[in-house]
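*Asks:* Sharing a structure, written as structure tokens. Questions coming.
The values are calculated or read from the model by the stated rules, or taken from the named source; none is laboratory data. Please read these numbers as outputs of a predicted model, since none were measured by experiment. Neighbour counts are summed over all protein chains in view; Cβ atoms, including those assigned to glycine, are modelled from backbone coordinates with ideal geometry. Ligands, DNA and RNA are stripped out before the accessible areas are found, and what is left, the full protein with its side chains, is counted by its heavy atoms. Shrake-Rupley method; radii C 1.70, N 1.55, O 1.52, S 1.80 Å.
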Amino acid sequence: MTTKIKPLAQRIALLVLAMITVCTMNAQMEFTLEDLNYGGTNYRNMVPENRYTTWWGDELVRLEQDHCATANKHNGKETQLISLDDICQLTQSDEHNQMRHLYNAEFPYPGQSIVKLINGKELMLVDWKQKKLLAKYNRDQMQAEEWCPASRAFAFVRNHNLFVATPNNQHPTTNTQQITTDGSREMVYGQSVHRDEFGITKGLFWSPDGMKLAFYRMDQSMVTDYPQVDIFNREATYEPDKYPMAGETSHKVTVGVYDLSSGNTIYLQAGDPTDRYFTNIAWSPDSRTVYIQELNRDQNDMRLVSYDALTGMKKSEIYREQHDKYVEPLHPIVFLPWDNSRFILQSQRDGFNHLYLMNADGSGMRQLTSGRWVVMDLVGFNKKQKSVIILSNEQSPIQANLFAVSIANGKRTLLDNGRGYHSGSLSADGNYLLDTYSEPDVPRKIDITDLTLAVKSSKSGVQRFNYLTAADPWQGYNVPEFSCGTLKAADGVTDLYYRMVKPVGFDPQKKYPTVIYVYGGPHAHNVDARWHYCSRSWETYMAQKGYLLFILDNRGSEHRGRDFEQATFRQLGQIEMQDQMKGVEFLRSLPYVDKDRMGVHGWSFGGFMTISLMTNYPDVFKVGVAGGPVIDWKWYEVMYGERYMDTPQTNAEGYEKTSLLTKAKDLKGKLQIITGYNDPTVVPQHCLSFIAECIKAGTQPDFFVYPGEPHNMRGHQSVHLHERITQYFEDYLK
């Protein structure tokens, strides 16, 4: 038998076709910033699938754009409740206020077919079974708002004054009562105070029975204006911010209580509010008592105090906590749902944030949780089992896991898989838990757990139904290698966690330019057991361009206990730099890191750290990009600045040591400073003053501003920002 030899041209053509086929099969797509940045046009398609849900009593409700459906908690089967078309017919809104989606629907009354909805200018209650619009509240031009399910009253702030709207049983329109008349930018009602520190996120607090409203009143007439300017008018206009700087005069806060039944307003008789902070407002279950955690200006003496809600008179000081550095209350007390005589307090009194059970009069304190780990969140209660559901990092400092803690004996039962980074949402009675989580190699999962069964079956393992397993949205793309490890802090004892992102197509024989991304400040962390170890998408973009990225959580960052955070007290940036340089030491030991091409980038506190590292170690870092950087802590706000640095008057040495103004002369590498032109958090005085010092010293930083932008760039401007950051490293580090 003979074989015919194909013509040479034909064989070459077949070979080329085969090569093209192999290349096509192996080809991976490249990311753009439109894919990776949250302001990008394709960003939503590149994040793991999620499901929007809420609870209706013990019923889980799936929220979609065009409908809401109940989801069976054991098999996930969904049954439609209401549609967007139905709602639009019932709400009778004009074409400008039509509901466009149902993602914000809430179901406040278990067993009742009532849904709460908001659009741009209205809040509405609809009974979908009765096909009736029950109430409609005007939300137009509001500065703050809080609706109460118990009384269906709606508190809001408009033109700086406080109002309360109550429903009319005969008609969807509401009756509105104006509570204050002297509101202004200097007399602020019903809004967050103390610049959102101490866990404060709002200024309106309804009592459990819905008949009383506690609210903040902040007098900031004595606070200096920071001269912000709006350049987008025909002639630039003056739009100042009230900004109390460290060591300077701060505002004065009082707490009022409005009584719906009498129409009267009283103020709590807490004494002179000068140089005091009033935080974590809470109500007693019977709506007769208001609790406040009061803090002195030095923030080293906290007192939990109760007040009579009818008279405003002080009832008693229930608890006191002091520390030689600072005490930072972040959570209001929470009463047990089945026992009105006992509440839970969160405290770091033993060095780690834990739960303490106390009687309403402050007696009988008992520690519920303990250990060298922190309670990260009190999720809620399981009434049947008489347990409290918490989120903690007991399993690992970089994890967040859900536990049930018995009120009777403190016994903890793990409710999730023991891995990854979880968050939880409880049904009304705490019988069911929606557990949303990811792991380094798991984009997103959502499980539903029956907590009654979970606690009973703790020995055999918790039974969970997997409601969602999201696909990897990065499938088919060139994805870098993400890894996590530990190294010792500068003290030689403390473990620090880092993330490394290696360049796409990593070759250990090559040497790569390396960028350290840094934040480093309190109440934040960069490394945890989420998808890709919580990597920022910009890191992937840089890895795609051939950079190695390194991120280290130094001492001073969150979730590692009081001593870990307070190591930086009165000397911000110093301990943090020592730890970051341990990271540099580690990087220099790696054969694939180019020691001569090291860069650093960070924003806000990270911007402060970037310039600190660039000027304190000028021969190490060749390039840096500092966004919204603090330059001198005397220009930062009172609450945050004085907590960690004390005042410039009492810690002059610390302020001088941490100031970057004297470091301007030490700048050697290429440094780009970026800021929002109207930043109300780290005001432009910081970076402008540093540039002025650089001019005097003859050093040459680059500077870029985003007109009209605050502390972070919004929308698609963020894509522009990250392209600019990237290009700076491309120009000077690569």
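*Asks:* Residue-wise, which Karplus ³J(HN,Hα) couplings in Hz belong to the stretch 268-273, taking 6.51 cos²θ - 1.76 cosθ + 1.60, θ = phi - 60°, and x for glycine or proline?
*Replies:* So the Karplus estimates, Gly and Pro as x, are 5, 8, 8, x, 4, x Hz.
*Asks:* Pick out, in residue order, every one of the trypsin sites (Lys or Arg not before Pro) in the stretch 641-708 that is DSSP loop and has at most 15 other C-beta atoms within 10 Å; say none if there are none.
*Replies:* Answer in residue order: LYS668.
*Asks:* Provide the descending list of Cα extents for the stretch 463-536 along its principal axes, expressed in whole angstroms.
*Replies:* Projected onto the principal axes, the Cα atoms of the stretch 463-536 cover 45, 37, 21 Å.
*Asks:* What translational diffusion coefficient, to the nearest whole µm²/s, does the stretch 317-367 have by Stokes-Einstein, given a Kirkwood radius computed over alpha-carbon pairs, a temperature of 10 °C and 1.306 mPa s viscosity?
*Replies:* It diffuses with D of about 137 µm²/s by this estimate.
*Asks:* Multiply the residue gap between GLU558 and SER396 by 0.36 nm, knock off their C-alpha separation, and tell me the result in nm, one decimal place.
*Replies:* This chain segment gains 57.0 nm when fully extended.
*Asks:* Sticking with this one: Which whole-number value in Å³ per residue fits the convex hull of the alpha carbons of the stretch 68-117?
*Replies:* Spelled out: Cα convex hull of the stretch 68-117, divided by residues, is 86 Å³.
*Asks:* Now a separate question. With viscosity set to 0.692 mPa s and temperature to 37 °C, compute the Stokes-Einstein D of the stretch 653-696, Rh being the Kirkwood radius across alpha carbon pairs; µm²/s, no decimals.
*Replies:* Answer from the Stokes-Einstein relation: 283 µm²/s.
*Asks:* Please report the Cα spread of the stretch 75-147 along all three principal axes, rounded to whole Å, starting with the longest.
*Replies:* 43, 25, 22
*Asks:* So how compact is the stretch 370-504: Cα radius of gyration and Dmax in angstrom?
*Replies:* 17.3, 53
*Asks:* With a cap of 16 neighbouring Cβ atoms within 10 Å, and only residues DSSP puts in a loop, list the chymotrypsin sites (Phe, Trp or Tyr not before Pro) found in the stretch 608-709.
*Replies:* Those that pass, being in a loop and sparsely packed, are TYR677.
*Asks:* Also, quick follow-up: Using just the helices of the chain, give the 222 nm mean residue ellipticity in deg cm²/dmol: DSSP H runs with n ≥ 4 each add -39,500 (n - 2.57), and the total is spread over all residues, rounded to 500.
*Replies:* -5000 deg cm²/dmol
*Asks:* Okay, moving on. So what does the Cα-only Debye profile of the stretch 72-201 read at q = 0.15, 0.22 Å⁻¹, as log10 I(q)/I(0), no solvent term?
*Replies:* -0.81, -1.32
*Asks:* Could you tell me the largest-minus-smallest coordinate of the C-alpha atoms of the chain on each of the three principal axes, in descending order and whole angstroms?
*Replies:* Each principal axis gives a Cα extent; for the chain these are 99, 79, 63 Å.
*Asks:* How large is log10 of I(q)/I(0) for the stretch 24-131 at q = 0.10 Å⁻¹ when the intensity is taken from the Debye formula with one equal scatterer per alpha-carbon?
*Replies:* -0.41
*Asks:* Return the long-range amide H neighbours of ARG158 (sequence gap of 5 or more, or a different chain), with a cut-off of under 5 Å between placed amide H atoms.
*Replies:* GLN143, PHE163
*Asks:* Could you state the per residue volume, in Å³, of the convex hull enclosing the Cα atoms of the stretch 183-340?
*Replies:* Convex hull of Cα atoms, per residue: 140 Å³.
*Asks:* Right, here's the next one. Quick check on the chain: of the DSSP beta bridges with both residues there, what percent are antiparallel, nearest 5%?
*Replies:* 85
*Asks:* Once the mean 1/r over all distinct Cα pairs of the stretch 690-732 is inverted, what Kirkwood radius in angstroms do you read off?
*Replies:* Hydrodynamic radius (Kirkwood, Cα only) of the stretch 690-732 equals 12.2 Å.
*Asks:* Here's something else I'd like to know. So how compact is the stretch 257-402: Cα radius of gyration and Dmax in angstrom?
*Replies:* Cα radius of gyration and Dmax of the stretch 257-402 are 16.4, 52 Å respectively.
*Asks:* In the chain, what percent of the accessible surface is made up of carbon and sulfur (1.4 Å probe, ligands and nucleic acids excluded)?
*Replies:* 47
*Asks:* Let me ask something else about it. Modelling each spin label as a point 7 Å along the Cα-to-Cβ direction, I'd like the ARG724/SER316 distance in nm, to one decimal.
*Replies:* Rounded to a tenth, the inter-label distance reads 5.8 nm.
*Asks:* What's the long-distance tail for the stretch 603-652, i.e. % of Cα pairs beyond 13 Å?
*Replies:* Result: 61 percent of Cα pairs exceed 13 Å.
*Asks:* Where does the stretch 26-71 land on Rg/Rh, using Cα atoms and the Kirkwood Rh?
*Replies:* Ratio of gyration radius to Kirkwood radius for the stretch 26-71: 1.23.
*Asks:* Could you tell me what % of all Cα pairs in the stretch 551-627 have separations over 22 Å?
*Replies:* 23
*Asks:* Can I ask one more? Using all Cα-Cα distances in the stretch 160-249, what percent lands in each 10 angstrom bin from 0 up to the longest?
*Replies:* Reading upward from the zero bin: 13, 33, 30, 17, 7, 0.
*Asks:* To the nearest whole percent, what portion of all C-alpha pairs in the stretch 578-734 is separated by more than 29 angstrom?
*Replies:* Counting pairs separated by more than 29 Å, the tail of P(r) holds 18 percent.
*Asks:* Right, another one. With the calculation restricted to Cα positions, what are the radius of gyration and Dmax of the stretch 658-734 in angstrom?
*Replies:* According to the Cα coordinates of the stretch 658-734, Rg and Dmax are 13.4, 37 Å.
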